[in-house]
Amino acid sequence: MKGQLIFRIFLYLFVYIKIFYMKDFIIRSTSFVVIFVVVAVVYNRLIENLYSNNLLNAQQFGYRKSLSTEDVIFRLTHEILNALTF
């Protein structure tokens, strides 16, 4: 739960910064690049912290390494087929 909340807050912050700085992209292109790099560094450190402290739920898919949305579809299909065979 903490991991989901932190990730959502980070995504909202990233989208806000991106929209705010895209308005005057030509004038603020340098600032945007700097902000983007800072956000990327914060994101990487946040994800590293969540992984190292095991704060992410094992059932979260889609944005994690080696856990794509295809994996969740495969798992769901597998569980449904197992339930139908018993």
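What follows is calculated from the coordinates using simple rules that are stated; it is not laboratory data. Bear in mind the structure is a predicted one, so any value in this text is a computation, not a measurement.
Before moving on, here are some points about what is shown:
- Annotation: extensible slack from Asn57 through Ala40 equals 3.9 nm (criterion: 0.36 nm per residue apart, minus Cα-Cα distance).
- Three-way shape label, the stretch 31-86, alpha-carbon gyration tensor, a/c 1.5: prolate
- Stretching the chain fully between Val33 and Val15 yields a gain of 5.1 nm (0.36 nm per residue, less the alpha carbon separation).
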